[in-house]
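Bear in mind these aren't lab numbers, they're just calculated from the coordinates by the rules spelled out. Bear in mind the structure is a predicted one, so any value in this text is a computation, not a measurement. Note that each Cβ is placed from the backbone with ideal geometry, even for glycine, and that neighbours are counted across all protein chains shown.
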Amino acid sequence: MAELSARMRALVQPHLAGIEPYDPNFTPTRINLSANENTYPMPAPARAAINEALAATPLNRYPDPMSGALRNELARWHGVDRACVCVGNGGDELLYNFLLAFGGPGRTLVTCPPDFSEYAFFASLAQTEVARVWRDPATFEIDAPALLEAARTAQLVILTSPNNPTGNLVSAELVERVCAACPGLVMVDEAYGEFAPAGTSAAPLLERCPNLVVLHTLSKAFGEAGIRCGYVLAAPDVVEVFAAIRQIYSVNVLTQAAATAAVRNRASFGRVVEQICSERERLLAALRAPRFAAAGLEVWPSAGNFVLARMPRASQVRARLRDEYSILVRDFSYVPGLDGCLRITVGTPDENNAVLAALAELTGAA
Ligand SMILES: *Cc1c(COP(=O)(O)O)cnc(C)c1O
């Protein structure tokens, strides 16, 4: 990854001097299972409704700052008041704004790594200290007593459920205890929530935990990573802060139109989500087969649309998957706690068969 030039290091704000321009490590490949996107074709009725909505959207007017129609639809879906919903330009914008509004110098964000690398990045932009409560190195489960202890003196906590890249869920019971312990705000990032078993969302806790913020996105289950749309569910006064600090036109008219149509057609995505979950279990079962175990491969259960696999010479395997098979997966082997780990997005049955066959050859399990 590139560093800033010496000239720029001298000119940027001092806390940004060590920053490295983001490299998504993207190589065009035949099969891309690297970014946890939904690789299935969008259900035809949803796609038709989106096309119609886009065609009917005037482009000459500024967008509705608070995405009124979409916000109403999201509120209806989740059974909350519209005052409890704020839409953003992807979940990433809302994560950044969360740190911008509630973090800052002298304040602490608690995270449970290995988790989503953007948390620490946004914390560094907002000059917020990060207190890391490391997950169990074997199971990636959260150290609950250590988390509760850290939460007591933190302004912010982010828990990820299902966790990217390890796939673990956080129980509602633990979320509630963290909310009770923390004097600040507790975000549960449910970017992959639709792939988790029913009843595992933290959203029902909003009624009794006024410091809870639940983050969702249309990028994963809804297959709309390209339109950039996420939203938070939280108490009205928390939403007011998100609303007050956002770039007012960050969610453009096309995104609002497409997202509203997708959410109205949410029932049609159920089949795709079910298929991804059943493919995830098939992929996990295949990777747990004795021939892979004998080749030194280890996998963890996952509640997301991805699986984490540890194997000998992981970086080399990843490079050969890309160069010899034109299959892209994500290398986490350089991340603390994840040595030897690759993250594989669950794709279509054909894509999963291709990655299984290639992995078998490359790890010697064939
Ligand atoms: C993908 C993802 C998000 C949000 O992604 P957007 O595309 O910005 O909506 C948030 N958290 C986690 C853990 C993710 O993996």
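What to note about this one:
- Counting other Cβ atoms within 10 Å as a rough exposure proxy, the listed residues His15, His216, His78 run His15, His78, His216 from fewest neighbours to most.
- Taking 4.7 Å between C-beta atoms as the pairing limit, the chain has these partnerless cysteines: Cys84, Cys86, Cys112, Cys182, Cys229, Cys277, Cys341.
- The amide H of Phe306, built 1.01 Å from its N in the peptide plane, has Val346 as neighbours under 5 Å, considering only residues 5 or more places off or on other chains.
- Antiparallel bridges, percent of DSSP beta bridges restricted to the range 44-264 (to nearest 5): 40 percent
- Spacing of the two label points (7 Å from each Cα toward its C-beta) at Ser5 and Ala198, in nm: 5.8 nm
- Inter-site label distance for Arg208 and Leu54 at 7 Å from Cα along Cβ, in nm: 4.5 nm
- Between Ala366 and Glu173, the modelled labels are 4.7 nm apart [label points 7 Å from Cα along Cα→Cβ].
- Sparse packing (at most 11 other Cβ atoms within 10 Å of the Cβ) combined with a DSSP loop state is found for the following trypsin sites (Lys or Arg not before Pro) in the range 172-246: Arg208.
- Neighbour-count ranking [beta-carbon atoms within 10 angstrom, fewest first] of Arg280, Arg152: Arg152, Arg280
- Among Val251, Val170, Val241: highest mean-square fluctuation, GNM of the chain, C-alpha pairs under 10 Å: Val241
- Radius of gyration, Dmax [the chain; alpha carbons; angstrom]: 20.7, 61
- Close amide-amide hydrogen proximity is noted between Ala191 and Ser161, each under 5 Å apart and 5 or more residues distant or on a separate chain (H modeled in the peptide plane; Pro and chain starts excluded).
- Computed extension length for Ala357-Asp323: 10.7 nm, one decimal, from 0.36 nm per residue of separation with the Cα-Cα distance subtracted.
- Estimated FRET transfer efficiency (Ile245, Ser117; beta-carbon r; R0 25 Å; 0.05): 0.60
- Residue order for Asp189, Asp323, fewest other beta carbons within 10 angstrom first, comes to Asp323, Asp189.
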